[in-house]
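The values are calculated or read from the model by the stated rules, or taken from the named source; none is laboratory data. The model shown is predicted, which means the values in this text are computed figures rather than measured ones. Note that each Cβ is placed from the backbone with ideal geometry, even for glycine, and that neighbours are counted across all protein chains shown.
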Amino acid sequence: MFNSNHEQELSKRRTFAIISHPDAGKTTITEKMLLFGKVIHTSGIVKGRGNKKYAKSDWMDIEKKRGISVTTSVMQFIYKNVLINLLDTPGHQDFSEDTYRILTAVDCCLVVIDAAKGIEEQTKKLIDVTRMHNTPIITFINKLDRDSQEPINILDEIEKKIQLNCTPVTWPISCGKNFKGIYHIHKKLIYLYKKKTFENKCLLNSQVFYSLSDVLLDNDIGIELANHLREELDLIINVYPEFDKKNFLKGVLTPVFFGSALGNFGIDHLLTSLITWGPSPLSRKSHTRKVYPQEKKFTGFVFKIQANMDLKHRDRIAFVRIVSGQYTKGMRLRHVRIKKNIIVSDAFSFLAGDRLSIDKAYPGDVIGFHNHGTIKIGDTFTEGEDIKFIGIPSFAPEIYRRIFLKNPLKQKQLIKGLTQLSEEGAIQVFRPINNNNLILGAIGILQFDVVIERLKIEYHIDAICEQVNIILARWIRSKNPCSIYSFKKNNSAYLAYDTSNSLIYLAPTIANLNIVMSEYSDIIFDKTREQVDNILKR
Ligand code: G4P
């Protein structure tokens, strides 16, 4: 185990992701956090749509054209002496597997919910992924300055739809045009929302009253609303459980905050809770043992590969989450999968599009390694130990296309391009066992456009995607090799291999999948697949 300096570095780090349905306000909140972290000094730099100021995370042309965030970016900033690693996720509904996988690299998640819309589809999907690791969740209910649902109904929805117990930390005073502010249940303070005084550069957009019983409150928000608030809070405080850090850290209880990201109202409370309750870097499981951040030797895993961050260099960057030890410039690391030692002389940290060369980094940090085609998602780096981190899976795609070439002579390049793109996690590729088709699988439809564009620009291949009769896929395994053999024989029309030669069932309908699942009870149909490398097969 390490010295007290290392312990200090750990205790002052928080690594989290913000997840939400598009338009709930994730970008606006990110921007306000960066303002608090003094990384930016005016609003409107991170946020932006279409041809307006475009997002700091918009690296790819396709993103700029459509004004959306296709890629994931990492931002590091300091708030009240705590170093925050904020991992941003693609914000459009055409999000990708990256969005899912980034959730495996964080220790905590901030869920943003639009107060008018409640829990939306994409939020639910992402929260389901956080459940794989029981990641603690902090909830922010946004846009209270607009007409909203009753706050109690939103909390009910959270409890029902995502089976997460809620404990409100702040409570809104009305909404929309009548939005007056919040009551901070823990601090027992009222914060009034001062709409008219809001300016982009103003950090704190609130006025504090000392208590619920303060007569100034009656004057300011009206006696009727003040009394209603007092009654409502009586009920709320009795109905909802008190904040319990253990349950929060187990991922079964979420503290809930209300506010307006646009009005920069409530974000400071959120950030404070994140640094006080959010866990410092957590341990991770490897295939042989748990690895703790306090350990002396460096370990880390790759959860994302980003191509073309710098178009001039056409490079690929591997995003490595440090699990233990310390990165120091020039250190020798073992690339476990390929069993080679490498010297890392130029790792860097990120601020959206900007990269900064670094000398040191600690658990919880995300650092970038240059990747010359040897690094794959899920790879582990260590200072010698042959371990592989688990829990960075592939997720079954949700949409499928057949890809074919305009010029059939370029099949070899197509395979090469698709293999590389699938190693980066940009797309999944399947080879049906009965024919020579190539099937692509993605989580969001935009991934197909990105792949076609990249094949054109990077591999000089003109390819087209077309609809295919596949609705969902499941990886196949069984303890009994004979079962696999007979399953394969009887269902070959629906079976394919992925790029790691794992067998996958490509179902044309949900009914079809249900039927085969009931017919073959000793076959396991997996929604996710861990990368199984040769290290596990030694
Ligand atoms: P996202 O990253 O989750 O997709 O959402 P984003 O922050 O881009 O916000 C989506 C829209 O909602 C933006 O408006 C943004 O200004 C608005 N918004 C965010 N938070 C609040 C809030 O607290 N109150 C209100 N009233 N609006 C909020 P837009 O018109 O789509 O974009 P823009 O013209 O403002 O850039």
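Per-structure values
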read-out	value
Test: residue in the stretch 465-476 that is in contact with an Asp or Glu (Cβ under 9 Å, 6 or more places away or on another chain) and of a type in the set (Phe, Trp, Tyr)	yes
Criterion (within 16 Å of the ligand (Cβ to nearest atom) and surrounded by 14 or more Cβ atoms within 10 Å (Cβ to Cβ)) met by exactly one of Leu262, Leu253	Leu262
Search result, residues across the stretch 231-250 that are in a helix (DSSP H, G or I) and touching a Leu at 6+ places or on another chain (Cβ under 8 Å)	Leu233, Asn247
Number of the condition not met by Pro136 [criteria: (1) free of Cβ contacts under 8 Å to residues at least 60 places away in the same chain; (2) touching a Cys at 6+ places or on another chain (Cβ under 9 Å); (3) more than 16 Å from the ligand (Cβ to nearest atom)]	(1)
Residue within the stretch 201-218 that is within 16 Å of the ligand (Cβ to nearest atom), of a type in the set (Lys, Arg), at pLDDT below 90 and closer than 22 Å to Lys26 by Cα present	no
Residue selected from the stretch 451-489 under the condition under 15 Å from Leu405 (Cβ atoms) and without any contact (Cβ under 8 Å) to a residue 60 or more places away in the chain, by the criterion surrounded by the most Cβ atoms within 10 Å (Cβ to Cβ)	Val451
Boolean, Arg474 is at pLDDT 95 or above and basic (Lys, Arg)	yes
